[in-house]
Amino acid sequence: MLSPMLPYIDDEEGISVPADLPEVIDAHVHVFPGEIFSSIWKWFDTYAWRIRYRLKTKVIFDFLLSHGISHIFALQYAHKPGMARSLNRYVASKCSGYKGRVTGLATVFPGEEGSAEILEEAFSLGLAGVKLHAHVQCFDMNADYMNPVYETCRSCGKPLVIHAGREPKSPAYHCDPHKICSVDRVERVLKEFPGLKICVPHLGFDETSDYRGLIEKYENLWLDTTMMLAGYFTHQCPVELSSFRADRVMYGSDFPNIPYSWDRELRKIPELGLSDEKLEWILSKSARMFFGL
């Protein structure tokens with residue numbers, strides 16, 4: 001459960017990716033136009049935590065790339081119907097100056113008219129997948145109105161990143177994530193759209209053990225580690241990342257919307273006892289496979 005009392009951690013930040021790590025791709029970075037970012041920051045100030053990095057999109061890209069991240073996947077989501085097209089054009093424009101180093105994902109508001117056309121247009125702009133956020137967009141992922149989104153992604157060969165884990169939730173959301181998000185709902189999508197690649201961020205928090213089993217069962221499911229390795233959420237069980245299928249887990253930071261240093265999780269990863277092979281998969285190779293980089 002999110003709370004305005006969650007701490008801000010003023011830990012020291014590094015100047016680069018730790019030298020003992022292999023190539024690092026950040027598969028979960030948020031970008032928005034300035035006015036939307038400002039609204040998001042205010043929401044977090046009120047209902048979650050104080051965001052440490054209040055940066056504009058170009059500065060976000062420059063910061064991470066200059067600190068040793070080799071590639072960035074830039075995510076966004078539409079908060080209401082009618083805004084997806086402008087967001088998609090925005091992200092495509094911002095990423096165009098970083099070809100080969102930054103890849104943008106599209107968004108759409110689930111159930112809005114013309115969802116398939118919105119996504120097809122976004123893909124024609126060079127966007128490489130789709131991001132949805134069930135907590136914010138409050139949709140039923142098994143409803144019929146979701147089928148155009150799933151089918152368009154599948155037919156175009158584009159992956160879908162969908163915040164479908166139940167946590168972290170907040171009373172400020174317009175829906176209860178525990179009622180609309182579950183591993184069972186995600187599994188139904190995996191079964192009904194077997195060619196569709198899906199990534200569930202935050203290791204499916206708070207059904208992490210169930211998702212660990214699901215990536216063993218389905219070849220079209222991935223997880224990302226976003227915020228789950230930082231030791232930030234006190235009600236989170238420790239993550240034994242070494243027990244996960246490494247070729248289905250990828251590193252993500254949630255930058256810039258985090259309450260601690262940009263490299264906090266990267267500095268903790270060497271402590272997890274992962275083999276060199278698993279480190280390579282989690283820090284870069286899984287993202288390359290998922291996004292087709």
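Read the figures in this text as sums done on the coordinates, not as results from a lab. Owing to the predicted nature of the structure, the values given are computational and were not obtained by experimental measurement. With ideal geometry, Cβ positions are generated from the backbone for all residues, glycine too; neighbour counts draw on all protein chains shown.
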- Additional length obtainable on full extension of the chain from residue 62 to residue 155, 0.36 nm per residue less Cα span: 30.1 nm
- Query: Too long at a 28 Å Cα-Cα cut-off: which of 42/169; 158/217; 94/179; 179/278?
  - Reply: 94/179; 179/278
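Tell me, what is the FRET efficiency for residue 175 and residue 89 to the nearest 0.05, using R0 = 45 angstrom and their Cβ-Cβ distance as r?
Values: r = 28 Å, r/R0 = 0.62.
E(calc), rounded to 0.05, equals 0.95.
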- Would you grab the residues whose amide H sits under 5 Å from the one on residue 102? Only those 5+ places off in sequence or on another chain, please, with H modelled 1.01 Å from N. 72
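Please compute the contact order of the chain in relative form: average sequence separation of alpha-carbon pairs under 8 Å and at least six residues apart, divided by the residue count, as a percent.
Values: 571 pairs, mean separation 64.8, N = 293.
Reported relative contact order: 22 percent.
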- Note on the structure: Low-density loop GluC sites (Glu not before Pro), the range 195-285, at most 16 other Cβ within 10 Å, DSSP non-H/G/I/E/B, are 219, 240
- Query: Of all GluC sites (Glu not before Pro) in the range 66-122, which ones are in loop regions per DSSP and have a Cβ with at most 13 other Cβ atoms within 10 Å?
  - Reply: 113
